[in-house]
Amino acid sequence: MTQIKKAVVFGGSGFIGHYVVKHLADLGAQVHIPTRNAERAALLKTYGTPGQISTEEVNILQPDALRAQIEPADTVVNCIGVLFERGKATFPMMHHQLPKMIAESCQQFGIRRLVHISALGIEAAAASSSYAKSKLQGEEAVQSSLPEAVILRPSVVFGREDNFINQFAKMAMYSPA
C-alpha cells in the first residue's frame, strides 16, 4: 500500500469521522479537517503529534472553498451524512451534490484515493426513501467521476457517540415504563 502523506477528511468531527482521523494519524499521515465548527473539531488535534492534525472553518458547499481543501491532498475521505434535513443540509445536497463535487475535484487534481461513506441497503429503499435515493445518487456520482473510488456501505453504526442508540436512551429516560 502506498503511504498516505496528506489526507483531507470531510465530516472528520462526526461520529465515524473522528475514528477515521485517529486511524490516519496513527498511520503517520498529515490530516486536515475542514469543518463548519472549529471548536467542535479542536479536540481532534490531540489524536496526533503537534501539527499533524489541522482543522479549518470553511463552507465546503462553496465549490472554490471545497477545491482549495482538496487540492493539496493525496487522499480524501468523505464521512459526511445527515439523518435529518436542516436548512441547507438537505439529503440531495449532502448525499448527492457534495460527494459529486468532492469526486470531481479529486479528478481535477489527479487524486485517485477517495473513500466515500454511503449506507447499506440503499438500492432497495431508494424508491420510498429520499435519504436512500440521495445516498444512491451520491454513489453513482462518485463512481461516474472517479471509478476507482472506494465506497463503503456500513449498516447502522453503534458507539458511545452515535445518534441511534443514544436517541433511544434519551427517550427511555422520559418513558413511564
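The values are calculated or read from the model by the stated rules, or taken from the named source; none is laboratory data. The shown structure was predicted, so the numbers you read here are calculated from the model rather than taken from an experiment. Cβ sites come from the backbone with ideal geometry, for glycine too, and all protein chains shown count toward neighbours. SASA here: full protein model, heavy atoms, side chains in, ligands and nucleic acids out. Shrake-Rupley method; radii C 1.70, N 1.55, O 1.52, S 1.80 Å.
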Original post:
What number goes with the only condition from (1) at pLDDT 95 or above; (2) within 26 Å of Ala141 (Cβ to Cβ); (3) not in a helix (DSSP H, G or I) that Thr49 does not pass?
Top reply: (2)
Original post:
Of the residues Pro72, Pro50, which is open to solvent by 60 Å² or more (accessible area, probe 1.4 Å) and without any contact (Cβ under 8 Å) to a residue 24 or more places away in the chain?
Top reply: Pro50
Original post:
of a type in the set (D, E, K, R), assigned to a loop (DSSP other than H, G, I, E, B), farther than 20 Å from Gly138 by Cα and open to solvent by less than 60 Å² (accessible area, probe 1.4 Å) - does that describe any residue in segment 32-40?
Top reply: no
Original post:
List pairs: first in segment 86-111 and closer than 15 Å to Val9 by Cα, second among the basic types (Lys, Arg) and surrounded by 14 or more Cβ atoms within 10 Å (Cβ to Cβ), Cβ under 7 Å, 6+ apart or cross-chain?
Top reply: Ser105/Arg67
Original post:
Would segment 134-141 turn up any residue that is surrounded by fewer than 19 Cβ atoms within 10 Å (Cβ to Cβ), over 23 Å from Tyr19 (Cα atoms), out of contact with any Gly (no Cβ under 7 Å at 6 or more places or on another chain) and not polar (S, T, N, Q)?
Top reply: yes
